[in-house]
1. Please give the charge dipole size of the chain, origin at the Cα centre, charges +1 on K and R Cβ atoms and -1 on D and E Cβ atoms. Round to the nearest 20 debye.
2. If one takes the longest principal axis of the Cα atoms in the chain, at what angle in degrees, from 0 to 90 and to the nearest 10, does the Cα axis of helix 10-19 lie?
3. Pairs to check: LYS5/LYS56; LYS31/LYS75; LYS21/LYS93. Give those whose C-alpha atoms are more than 22 Å from each other in this structure.
4. Which aspartates and glutamates does LYS69 reach when only Cα atoms under 18 Å apart count, and residues fewer than 8 places away in its own chain are ignored?
5. Take every Cα pair under 8 Å in segment 4-106 that's 6+ residues apart, average their separations, divide by the length, and report that relative contact order as a whole percent.
6. Can you compute the helix-only [θ] at 222 nm over the chain? Use -39500 (n - 2.57) per DSSP H run of at least 4 residues, normalise by all residues, nearest 500 deg cm²/dmol.
Amino acid sequence: MFSPKNRLGAGEFSDVMNKGKGYSDSTLFIKIIKNSVGYVRIGVGVSKGLAAKPAKRNYYKRVLRDVLKDTLSNKDVPYDIIAIAREGAGDKKIEKLKENAKNILQKTPIFSK
């Protein structure tokens with residue numbers, strides 16, 4: 001898991017959603033914006049359309065955090081990242097989600113350095 005310093009607060013989450021650049025595929029939507037703190041911070045979201053029960057939404061949030069941790073494990077970049085699971089993510093295996101996240105992040109400035 002990411003430490004608390006690597007998680008976005010509510011106000012920072014809103015800033016990324018409003019000002020960030022978005023990248024997506026059928027399972028994930030990712031928004032990123034450069035930050036001034038010098039390290040990566042993440043936020044995750046899962047809609048009620050994907051999972052009606054809170055326990056299932058929390059499961060998907062844990063999976064998304066794990067996917068981002070594995071994908072960004074060797075990157076030390078100053079970006080705020082939000083990952084939101086789309087309805088297509090519900091029937092995917094974790095390995096497929098990791099592959100999709102890596103493919104999306106390849107398009108971002110994080111991996112273009």
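Taken together, the values in this text are just the output of simple stated rules run on the coordinates, not laboratory data. Quick caveat, the model's predicted, so the values are computed rather than measured. As a convention, Cβ positions derive from the backbone with ideal geometry for all residues, glycine included, and neighbour counts pool all protein chains shown.
1. Here the chain has a charge dipole of around 160 debye.
2. Around 80 degrees separate the two axes.
3. LYS5/LYS56; LYS21/LYS93
4. Those aspartates and glutamates meeting the cut-off are ASP80, GLU95, GLU99.
5. Here the relative contact order equals 38 percent.
6. On the way: 3 runs with 41 residues, N = 113.
It comes out at -11500 deg cm²/dmol, rounded to the nearest 500.
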